[in-house]
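Encoded as structure tokens, the structure appears first; notes follow it.
FYI, it's all coordinate maths here, none of it is from the lab. Every value quoted in this text rests on a predicted model; they were computed, and no experiment measured them. Glycine gets a Cβ as well: all are built from the backbone with ideal geometry, and neighbour counts include every protein chain shown.
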Amino acid sequence: MKALSLAAFVLLAACHPAAEAPKQITLTSQSITLPVETATLPAEILSVNCAACHSPEMILSQPKLKPEQWQAEVTKMRGAYKASIDEKDDAKIIAALLALPNQK
Ligand code: HEC
């Protein structure tokens, strides 16, 4: 950011006649407000393996899936999105997903 504002300053200063004082440029950063997360995942294995990328609410609002569909999801997370989910934990993760309240 420093380099950018310096470049902008140099550029503006170069465009202005020497007599005129360079205009003050104030760069303000954007601010965003994230929604307050109220949901929590009931299984630690899901917090560890899914919550790095997904909010608990996202996991808890998924449609009811069959075990093989959840397995396909976990495999996709690992393959397509490079989630570091150990294959050894797949069975436990699938069981925890199937036990979620939205899967009943
Ligand atoms: C490294 C980050 C990462 C991790 C960890 C991760 N995901 Fe994802 N997941 C993604 C991304 C990226 C998408 C695609 C989001 C989009 O398309 O808006 C996604 C999408 C999904 C979807 C939506 C359907 C789909 O296939 O696109 C589900 C369901 C899902 N993830 C479940 C999980 C579960 C369950 C876990 C834990 C076992 C998990 N994810 C872990 C990155 C991750």
As straight-line cross-link partners of Lys82, the qualifying lysines (C-alpha separation under 21 Å, not fewer than 8 residues apart within one chain) are Lys92
Between Ala51 and Thr28, the two model label points (7 Å from Cα along the beta-carbon direction) sit apart by a distance in nm of 3.5
Taking a straight Cα-to-Cα line shorter than 29 Å from Lys88, and setting aside same-chain lysines fewer than 8 residues away, one finds Lys64, Lys66, Lys76, Lys104
Descending packing, highest mean Cβ count within 10 Å first, for 50-57, 30-37, 74-81 is 50-57, 74-81, 30-37
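Would you mind giving the average projected area, over all directions, of the Cα convex hull of region 44-103 in nm² with one decimal? Mind dumping the intermediate values first?
Details: hull surface 14.5 nm².
Dividing the Cα hull surface by four gives the mean projection, 3.6 nm².
What is the gain in length, in nm to one decimal, between Lys104 and Asp86 on full extension, counting 0.36 nm per residue of separation less the C-alpha to C-alpha distance?
Numbers: separation 18, 0.36 × 18 = 6.48 nm, distance 2.59 nm.
Value of the extension gain: 3.9 nm.
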Placing +1 on each Lys and Arg Cβ and -1 on each Asp and Glu Cβ in region 44-103, then taking the dipole about the Cα centre, the residue among Asn102, Ala72, Met58 whose Cα reaches farthest towards the positive end is Ala72
In debye to the nearest 20, the charge dipole size for region 30-98, taken about the Cα centre with +1 at each Lys and Arg Cβ and -1 at each Asp and Glu Cβ, equals 160
